[in-house]
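This report refers to the structure that appears directly beneath it.
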Amino acid sequence: MSLLAARVLGASFAAIGLTVLVLTWGMYRRDSLIVEEGAHTQGTVTQKEFLAYSDDSDYVLHYAFTAHDGTSVKSRRNVSSGLWKRLRVGDTIQVLYSREQPRWSFPEGHGLMSLGLALFFTVVLVPITLLGLLILLARAGPASSAVDSAAAPPPS
């Protein structure tokens, strides 16, 4: 692999790993602040969506609520299958949301970034980032033998 290709690969690993790591902890911090300092209100389930994939499935809950300033907010969140199956369109739910950004919301107890998930991403992403930095900063290899032989005295 050429030096340039190795540097591009290393920079890509480092940049992607670091970016996703920062986003993960940013989401965890945002969700934690909403739980600690956010507003509570009642919302209404407006739609339920089941997205089936070949390897997984998502349970999406669409809901609407009115923020403390009177703003009407429509949102959606992935939720557990248990909550999704329990609720019907028109049911009321408790919603937590950010007072500054009401669109940052989730049904109480569901859909937030957990500490365990943030730590899992950290365990996965830190080695990827470090590997990228190692590849990026690694030396190209030993100096060529032609340069070494020119500096060495001739064999006797």
- Item | For the chain, Kirkwood radius (reciprocal of mean inverse C-alpha pair distance, Å) | 19.5
- Task: Run the numbers on the chain and let me know its relative contact order in percent, using alpha-carbon pairs under 8 Å that are six or more apart.
- Result: 32
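Over region 64-136, what is the relative contact order in percent, taking alpha-carbon pairs closer than 8 angstrom and at least six residues apart?
The normalised contact order for region 64-136 reaches 24 percent.
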- Item | Phi to ³J(HN,Hα) by Karplus 6.51 cos²θ - 1.76 cosθ + 1.60 over region 112-118, Hz, x for Gly, Pro | 9, 6, 8, 4, x, 5, 4
- Item | Computed [θ] at 222 nm, deg cm²/dmol, the chain (DSSP H ≥ 4; -39,500 (n - 2.57); rounded to nearest 500) | -15500 deg cm²/dmol
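Suppose the chain between Val89 and Ala15 were pulled fully straight at 0.36 nm per residue; how much longer would it get relative to their current alpha carbon spacing?
Working: separation 74, 0.36 × 74 = 26.64 nm, distance 4.20 nm.
Full-extension gain reported as 22.4 nm.
Report the FRET efficiency, 1/(1 + (r/R0)^6), for Met27 and Leu137, where r is their Cβ-Cβ distance and R0 is 22 Å, rounded to 0.05. Working shown, then result.
On the way: r = 29 Å, r/R0 = 1.33.
Plugging the Cβ-Cβ distance into 1/(1 + (r/R0)^6) gives 0.15.
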- Projected onto the charge dipole of the chain (+1 at Lys/Arg Cβ, -1 at Asp/Glu Cβ, origin at the Cα centre), which of Val22, Pro102, Leu117 gives the Cα projection farthest towards the positive end? Pro102
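Values quoted throughout were computed directly from the atomic coordinates according to the rules given, and no laboratory measurement underlies them. What you see is a predicted model; the values in this text were computed from it and never measured. Methodologically, a virtual Cβ is constructed for each residue, glycine included, from the backbone with ideal geometry; neighbour enumeration extends over all protein chains shown.
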